[in-house]
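Engineer: Got a structure here, written out as structure tokens. Questions coming.
The values are calculated or read from the model by the stated rules, or taken from the named source; none is laboratory data. Just so it is clear, the model here is predicted, and its values are computed rather than measured. Here the Cβ positions follow ideal geometry from the backbone for every residue, glycine too, while neighbour counts run over all protein chains shown.
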Amino acid sequence: MKLQDIEGIDELMLKYKFALSELTNKITILLEEYEFNNKTDPIEHTKTRFKTLESAESKLRKKGYEVTMDNLINHVHDMVGIRIICSFLTEVYDVVNIIKSSKQFRITAEKDYIKEPKKSGYRSYHLNVLVRVHLKDKIEYVEAEIQIRTIAMDTWASLDHKLRYKLTNLPDNIEDEMYACSDEMVLLDKRMEKLHHEVLNLEDK
Ligand code: 0O2
């Protein structure tokens, strides 16, 4: 059975679309308000994400679940999401705090892949949230994923994604090399962070 053939899938996709629009709007307001109050913009850029049904289907299969609508709702937590790219490492944690303290979303899971990178070398901060969606005659909560990371982490993830798209199982030497690149990227982030603080100190004087 394919997800696209399941009855009710179009209605579910419409709810995800509304959730993504709510999520984007709320995040934009939170970040712009922060910029206004603090006279600093922690964001390099943002990008919304909407998984295709084919990609959701292969994620379900990879996790060992049957392709059903219930399994999609309960086990694919990133059908829609937003990626927030920050210039500096401390800003990633600033953004996490802005979102967590806003009470705009109910957080269902939190993963700090910066403190504990995935075995691939992937680094990013993830928040899974429930977005409130107002429909004509009811309110529904739809799950979405927020990924927050630095430019360097994003560059790595984007190249990693491209390599894995071409070849699902990368040979060990390439896996090792990718991990080493991820470690180098951490050093780069730390150096840039240091420079950032030096410039801020100069500005204060
Ligand atoms: P795509 O194509 O980017 O959408 P769980 O929440 O634990 O049940 P899940 O959903 O796999 O399982 O959670 P995870 O691993 O916290 O986050 C999933 C998303 O994070 C992925 O979505 C990627 O966007 C990103 N990600 C996680 N690991 C890696 C990695 O090793 N390399 C890269 N480039 N990205 C990663 P998808 O659906 O896997 O992919």
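Engineer: Provide a single number: the residues in region 148-173 that are part of a helix (DSSP H, G or I) and either exposed (fewer than 12 other Cβ atoms within 10 Å of the Cβ) or among the small types (Gly, Ala, Ser) (or both).
Structural biologist: 9
Engineer: Quick check: is even one residue across region 109-119 surrounded by 12 or more Cβ atoms within 10 Å (Cβ to Cβ), under 14 Å from the mean Cα position of the chain (by Cα) and in contact (Cβ under 8 Å) with a residue 60 or more places away in the chain?
Structural biologist: No, region 109-119 contains no residue that is surrounded by 12 or more Cβ atoms within 10 Å (Cβ to Cβ), under 14 Å from the mean Cα position of the chain (by Cα) and in contact (Cβ under 8 Å) with a residue 60 or more places away in the chain.
Engineer: If only one of LEU3, LEU60, LEU30, LEU12 is touching a His at 6+ places or on another chain (Cβ under 7 Å) and of a type in the set (A, V, I, L, M, F, W, C), which one is it?
Structural biologist: Criteria check complete, one pass: LEU60.
Engineer: Working only within region 43-90, note down all residues that are away from the ligand (no atom under 15 Å from the Cβ) and either in contact with a strand residue (DSSP E or B) (Cβ under 8 Å, 6 or more places away or on another chain) or within 20 Å of VAL186 (Cα to Cα) (or both).
Structural biologist: Of everything in region 43-90, those that are away from the ligand (no atom under 15 Å from the Cβ) and either in contact with a strand residue (DSSP E or B) (Cβ under 8 Å, 6 or more places away or on another chain) or within 20 Å of VAL186 (Cα to Cα) (or both) turn out to be ILE43, GLU44, HIS45, CYS86, SER87, PHE88, LEU89, THR90.
Engineer: Follow-up question, since we're still on this one. Only one residue in LEU200, LEU187 is exposed (fewer than 11 other Cβ atoms within 10 Å of the Cβ), at pLDDT 95 or above and farther than 12 Å from TYR122 by Cβ. Which one?
Structural biologist: LEU187 is the lone residue from the list that is exposed (fewer than 11 other Cβ atoms within 10 Å of the Cβ), at pLDDT 95 or above and farther than 12 Å from TYR122 by Cβ.
Engineer: Answer with yes or no whether GLU32 is outside any loop (DSSP other than H, G, I, E, B), away from the ligand (no atom under 16 Å from the Cβ), loosely packed, with under 13 Cβ neighbours inside 10 Å and not aromatic (Phe, Trp, Tyr).
Structural biologist: yes
Engineer: Among the residues of region 163-171, are any of a type in the set (D, E, K, R) and near the ligand (Cβ under 10 Å from one of its atoms)?
Structural biologist: yes
Engineer: May I pose another question? What number of residues within region 77-90 are under 30 Å from GLU177 (Cβ atoms), within 16 Å of the chain's Cα centre (by Cα) and not in a strand (DSSP E or B)?
Structural biologist: Selection size over region 77-90: 4.
Engineer: Looking only at residues that are in a strand (DSSP E or B) and charged (D, E, K, R) in region 91-126, which one is farthest from the ligand (Cβ to nearest atom)?
Structural biologist: This residue is ARG106.
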